[in-house]
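Okay, structure first, notes after.
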Amino acid sequence: AMPGHKLIVGDFSKIETAVLFWVAGERRGLELLRSGRDIYCDLASAIRGYEVTKDMHEDRQLGKQGILLLGYGGGEDKFRDTCLKQHSMYVSPSDALLAKTTYRQKSYPAVPRFWWGLEGAVRECILGRTAKKYGCLKIAADANLLTIQLPSGRKLRYRNPKVSSDNSISYEGAKGEGDEYKGWGTVHTYGGKLTENVVQAIAHDLQREAARRLWKAGYDIVIRSH
């Protein structure tokens, strides 16, 4: 820090998980977060069938990756691949399947219900070129644009939305990101991906509001990340 200044670091702990549970109405998950209990140990305990504590590092890591990777509709193959490539963590096919089914059916069932409901609502709006409310979101579509209005009033926009004969949803946008950018074209999406868009956008709105309050309180913000 510069002389006469202090560098203060702040963080929204588990912000994506909290927002995901909130938009989905996952009451049990929200109560766990409010109580201060370890959410990673909670999922790991449900997967393993015995109580997992923070000092059981390997078991807890399985629960942590489950929380981080299974909230947006990912399957067991994607779960195994990401654990191995990004975290050097081998997960057997049976453990990956058990993690997925435990997350969806036992621990946080409101989350997949939200994916599927959001996908259905978006599909209905695109086909009918109409508008409807889904949870805390307002969805509208015409031939040129699909919009999903967030609680803040800000809108996510998807150009030229379509529903194919196989019921898949697509729009025109940037394909890939960063080094994997593949230009402009048709992008396919689904309930889990739409949920990820919504959750990360709401989390960003919360961060921006926090930054605004800090600035008004006299703090100089030198960097932030999302």
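The values are calculated or read from the model by the stated rules, or taken from the named source; none is laboratory data. It should be emphasised that the depicted structure is a prediction, and the values quoted were computed from it without experimental measurement. Methodologically, a virtual Cβ is constructed for each residue, glycine included, from the backbone with ideal geometry; neighbour enumeration extends over all protein chains shown. Surface accessibility is based on the protein's heavy atoms, side chains included, excluding ligands, DNA and RNA. Shrake-Rupley method; radii C 1.70, N 1.55, O 1.52, S 1.80 Å.
Would you check if there is a residue in region 194-211 being at pLDDT 95 or above, open to solvent by less than 100 Å² (accessible area, probe 1.4 Å), touching a helix residue (DSSP H, G or I) at 6+ places or on another chain (Cβ under 6 Å) and acidic (Asp, Glu)?
No, region 194-211 contains no residue that is at pLDDT 95 or above, open to solvent by less than 100 Å² (accessible area, probe 1.4 Å), touching a helix residue (DSSP H, G or I) at 6+ places or on another chain (Cβ under 6 Å) and acidic (Asp, Glu).
Got at least one residue in region 13-24 being polar (S, T, N, Q) and within 16 Å of the chain's Cα centre (by Cα)?
Yes: region 13-24 contains one or more residues that are polar (S, T, N, Q) and within 16 Å of the chain's Cα centre (by Cα).
How many residues are without any contact (Cβ under 8 Å) to a residue 60 or more places away in the chain, touching a Leu at 6+ places or on another chain (Cβ under 9 Å) and not in a strand (DSSP E or B) when one looks only at region 103-151?
Total meeting the criteria: 6.
Would you confirm whether any residue within region 169-178 is in a helix (DSSP H, G or I), open to solvent by 50 Å² or more (accessible area, probe 1.4 Å), within 26 Å of THR17 (Cα to Cα) and without any contact (Cβ under 8 Å) to a residue 12 or more places away in the chain?
yes
Taking GLY75 and the conditions (1) free of Cβ contacts under 8 Å to residues at least 60 places away in the same chain; (2) over 14 Å from the mean Cα position of the chain (by Cα); (3) open to solvent by 30 Å² or more (accessible area, probe 1.4 Å), which numbered condition does it fall short on, given that it satisfies the others?
Here GLY75 meets the rest and fails (3).
Can you list residue pairs whose Cβ atoms sit under 8 Å apart, with the first residue in region 190-207 being assigned to a helix (DSSP H, G or I) and the second being acidic (Asp, Glu)? Count only pairs 6 or more apart in sequence or on different chains.
These pairs meet every condition: GLY191/GLU119; LEU194/GLU119; VAL199/GLU16; GLN200/GLU16; ALA203/GLU16.
Within region 152-168, how many residues are in a strand (DSSP E or B), within 19 Å of the chain's Cα centre (by Cα) and either farther than 21 Å from ALA201 by Cα or in contact (Cβ under 8 Å) with a residue 40 or more places away in the chain (or both)?
The number of residues fulfilling the criteria is 1.
Can you tell me which residue within region 3-37, out of those that are of a type in the set (Gly, Ala, Ser) and either part of a helix (DSSP H, G or I) or in contact with a Ser or Thr (Cβ under 6 Å, 6 or more places away or on another chain) (or both), is farthest from CYS136 (Cα to Cα)?
Restricting to residues being of a type in the set (Gly, Ala, Ser) and either part of a helix (DSSP H, G or I) or in contact with a Ser or Thr (Cβ under 6 Å, 6 or more places away or on another chain) (or both), the top hit is SER35.
One line per residue, one yes/no per condition, for (1) open to solvent by 20 Å² or more (accessible area, probe 1.4 Å); (2) touching a His at 6+ places or on another chain (Cβ under 9 Å); (3) outside any loop (DSSP other than H, G, I, E, B); (4) under 21 Å from ARG113 (Cβ atoms):
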| residue | (1), (2), (3), (4) |
| --- | --- |
| TYR40 | yes, no, yes, no |
| SER45 | yes, no, yes, no |
| TYR50 | yes, no, no, no |
| GLU58 | yes, no, yes, no |
| GLY66 | no, no, yes, yes |
| GLY71 | no, no, no, yes |
| PHE79 | no, no, yes, yes |
| THR82 | no, no, yes, no |
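Considering region 84-104 alone, what residues qualify as being over 24 Å from ALA18 (Cβ atoms), open to solvent by 40 Å² or more (accessible area, probe 1.4 Å) and not polar (S, T, N, Q)?
Once the filter is applied, which keeps residues that are over 24 Å from ALA18 (Cβ atoms), open to solvent by 40 Å² or more (accessible area, probe 1.4 Å) and not polar (S, T, N, Q), region 84-104 yields LEU84, LYS85, TYR90, PRO93, ASP95, LEU97, LEU98.
Please indicate, with yes or no, whether at least one residue in region 121-128 is exposed (fewer than 15 other Cβ atoms within 10 Å of the Cβ), at pLDDT 95 or above and either in contact with a helix residue (DSSP H, G or I) (Cβ under 6 Å, 6 or more places away or on another chain) or β-branched (Val, Ile, Thr) (or both).
no
Evaluate the following for THR147: is it hydroxyl-bearing (Ser, Thr, Tyr), farther than 22 Å from GLY71 by Cβ, modelled with pLDDT of 95 or more and open to solvent by less than 30 Å² (accessible area, probe 1.4 Å)?
So THR147 fits the description; yes.
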